[in-house]
Amino acid sequence: MSKGSFFTGQPIFNQVLSFLPKQLIGRIAAEHKADYYCKRFTTYEHLITLLYAVFNQCNSLREVSTGLLAWEQRIGHLGMKHHPRRSTISDANSRRSAEVFETIYMKLLERYGHFLSDSRPAAAAKKRLYIFDATTITLFKETLQGAGLPDMNGKRKGGIKVHTLIRSDQDVPCMIRYSAAVSNDGQFLKQVRLARGSVIVFDKGYPDYSSYLRFTNDGVTWVTRLRNRMVYEVVKNNAIDPLHKTQGIRSDREIILGHSHKKTALKVRARLVCYTDAHTGKTFEFITNNMRLSPLSVANYYKKRWQIELLFKRIKQNFPLKYFLGDSENAIKTQIWAVLIADLLLKIIKKGTKCRMSYSNLASMVRLHMMTYMHLTSFLLSPEKELLKKCKLNQNVNSAPSLFST
């Protein structure tokens, strides 16, 4: 739609970018020296270009460059002085460190994290709950060594693993670490530091006894699943409440994890809860260091781990992570940080506007109407109503008699 003379606002994309403080990004770029030897394409312009590619689901540099060129008369609203060429974007993705965009994301989370949190007293437990897991993104080139068997040609695609920690009430990553897809997951649990009284839930792919002991010494409750190869000794069988038995609890035991015949082996005092799901009939074994929780609470904590799987699904379905705008490791990490920043912006907008549409619909609306001149909040609350109103106003303007008409 063309901009009518009756409207004096900004494009929807520009209203989305209003949550990015330009001075903050400039200060971060100066700290990282990210704009040294850059005449035109600054960190801020680079970030806007990446966000345009993410929201618009561009799969190549040509799509990004030609898309911005088509809107060259309006990119001034976005804070860009020049339309970037393909070579300029490619060079920036390779040379400008991804750590700059990591810092931008973390500062934005620090700025808006309290806004995303639920302030109701009933949600206090979610503020203490952290979930840790990893997801693998397949790459078309073996930039990072991929997992699995090679194909029929003897070649193996690359893969990058994104180790993610989220706080349950915010539903966005608060820590990200990258590795090749074949790397061991357990080493990244060592980098997680939480406050006393926190609860962390993670999959059984992190069998790190030293981290288990550290969490216990720090006053952090951890909940995970028992691996088949874990060796343990039963110390005590706890009595089970009859009500909990009807809800799926089969056993509750105190155990010692670790080899008993090795003097140097780490020993971890833990609790083993056996639970059977009533819907699927599957039996699960959970381990935790908290001896005071009810066995049903232990099972319910682990059920909340599914939240991080929904986050991975949300990001992969709504943003382009199949095709990257560069083959280097730095370019891949940079684009993933841009996706996380876009996800954070949409979460802020969704909560701030009290939009009832689903996250996928919100992402689609922003993509389809990026350069439409319309008030963002009114549009998201009632898209059809606002679009019809705009069409009627445009018709009235076009049908108005000219001063030079006879």
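Give the residue, chosen from Ala195, Ala239, that is aliphatic (A, V, I, L, M) and open to solvent by 80 Å² or more (accessible area, probe 1.4 Å).
On the way: Ala195 fails: open to solvent by 80 Å² or more (accessible area, probe 1.4 Å).
Exactly one residue qualifies, and that residue is Ala239.
Please indicate, with yes or no, whether at least one residue in the range 56-69 is in contact (Cβ under 8 Å) with a residue 60 or more places away in the chain, in a helix (DSSP H, G or I), open to solvent by less than 10 Å² (accessible area, probe 1.4 Å) and more than 16 Å from Gln23 (Cα to Cα). Even if it seems obvious, please write down each step before you answer.
First pass over the range 56-69, keeping only residues in contact (Cβ under 8 Å) with a residue 60 or more places away in the chain: 56-61, 64.
Still in the list and also in a helix (DSSP H, G or I): 61, 64.
Filter once more, so that each one left must be open to solvent by less than 10 Å² (accessible area, probe 1.4 Å): 64.
Subset that is more than 16 Å from Gln23 (Cα to Cα): 64.
Checking the range 56-69: at least one residue is in contact (Cβ under 8 Å) with a residue 60 or more places away in the chain, in a helix (DSSP H, G or I), open to solvent by less than 10 Å² (accessible area, probe 1.4 Å) and more than 16 Å from Gln23 (Cα to Cα).
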Between a first residue in the range 355-372 that is under 15 Å from Ala342 (Cα atoms) and free of Cβ contacts under 8 Å to residues at least 40 places away in the same chain and a second residue that is assigned to a helix (DSSP H, G or I) and open to solvent by 40 Å² or more (accessible area, probe 1.4 Å), which pairs have beta carbons less than 9 Å apart while being 6 or more apart in sequence or on different chains?
-> Leu362/Lys350
Could you grab the pairs with beta carbons closer than 7 Å, sequence gap of 6+ or different chains, first residue in the range 263-284 and surrounded by 10 or more Cβ atoms within 10 Å (Cβ to Cβ), second one in a loop (DSSP other than H, G, I, E, B) and hydrophobic (A, V, I, L, M, F, W, C)?
-> Arg271/Met291; Leu272/Leu226
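Okay, residues lined up against (1) surrounded by fewer than 21 Cβ atoms within 10 Å (Cβ to Cβ); (2) closer than 30 Å to Val172 by Cα; (3) within 23 Å of the chain's Cα centre (by Cα):
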| residue | (1), (2), (3) |
| --- | --- |
| Glu254 | yes, no, no |
| Pro295 | no, yes, no |
| Lys304 | yes, yes, yes |
| Leu325 | no, yes, yes |
Can you name the condition, by its number, that Leu311 falls short on among (1) open to solvent by less than 30 Å² (accessible area, probe 1.4 Å); (2) of a type in the set (A, V, I, L, M, F, W, C); (3) farther than 30 Å from Leu362 by Cα?
-> (3)
Every listed condition ((1) in a helix (DSSP H, G or I); (2) closer than 20 Å to Arg167 by Cα; (3) touching a residue at least 40 places away in the same chain (Cβ under 8 Å)) holds for Met106 save (3)
Would you check if Thr221 is farther than 23 Å from Asn184 by Cβ, touching a residue at least 40 places away in the same chain (Cβ under 8 Å) and surrounded by 14 or more Cβ atoms within 10 Å (Cβ to Cβ)?
-> yes
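Yes/no per residue for (1) in contact with a His (Cβ under 6 Å, 6 or more places away or on another chain); (2) at pLDDT 85 or above; (3) surrounded by fewer than 17 Cβ atoms within 10 Å (Cβ to Cβ); (4) closer than 20 Å to Gln335 by Cβ:
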position: Arg120; (1), (2), (3), (4): no, no, yes, no
position: Lys126; (1), (2), (3), (4): no, no, no, no
position: Gly148; (1), (2), (3), (4): no, no, yes, no
position: Met152; (1), (2), (3), (4): no, no, yes, no
position: His163; (1), (2), (3), (4): no, yes, no, yes
position: Ser179; (1), (2), (3), (4): no, yes, no, yes
position: Asn184; (1), (2), (3), (4): no, no, yes, no
position: Phe215; (1), (2), (3), (4): no, yes, no, no
Which of the residues spanning the range 70-94 are without any contact (Cβ under 8 Å) to a residue 40 or more places away in the chain and either of a type outside the set (Asp, Glu) or buried (at least 17 other Cβ atoms within 10 Å of the Cβ) (or both)?
-> Ala70, Gln73, Ile75, Gly76, Met80, His83, Arg85, Arg86, Ser87
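May I ask you to verify whether Arg227 is more than 24 Å from the chain's Cα centre (by Cα) and either β-branched (Val, Ile, Thr) or crowded, with 16+ Cβ neighbours inside 10 Å (or both)? Give the steps one after another, and end with the answer.
On the way: more than 24 Å from the chain's Cα centre (by Cα): yes; either β-branched (Val, Ile, Thr) or crowded, with 16+ Cβ neighbours inside 10 Å (or both): no.
It is false that Arg227 is more than 24 Å from the chain's Cα centre (by Cα) and either β-branched (Val, Ile, Thr) or crowded, with 16+ Cβ neighbours inside 10 Å (or both).
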Filter the range 128-144 for residues that are open to solvent by 90 Å² or more (accessible area, probe 1.4 Å) and more than 21 Å from Val339 (Cβ to Cβ); the one that is modelled with the lowest pLDDT is Glu142
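The values are calculated or read from the model by the stated rules, or taken from the named source; none is laboratory data. The structure displayed is predicted, hence computed values, not measured ones. Here Cβ is always computed from backbone atoms with ideal geometry, including for glycine, and neighbour counts include all displayed protein chains. Note: areas computed on protein heavy atoms with side chains; ligands, DNA, RNA excluded. Shrake-Rupley method; radii C 1.70, N 1.55, O 1.52, S 1.80 Å.
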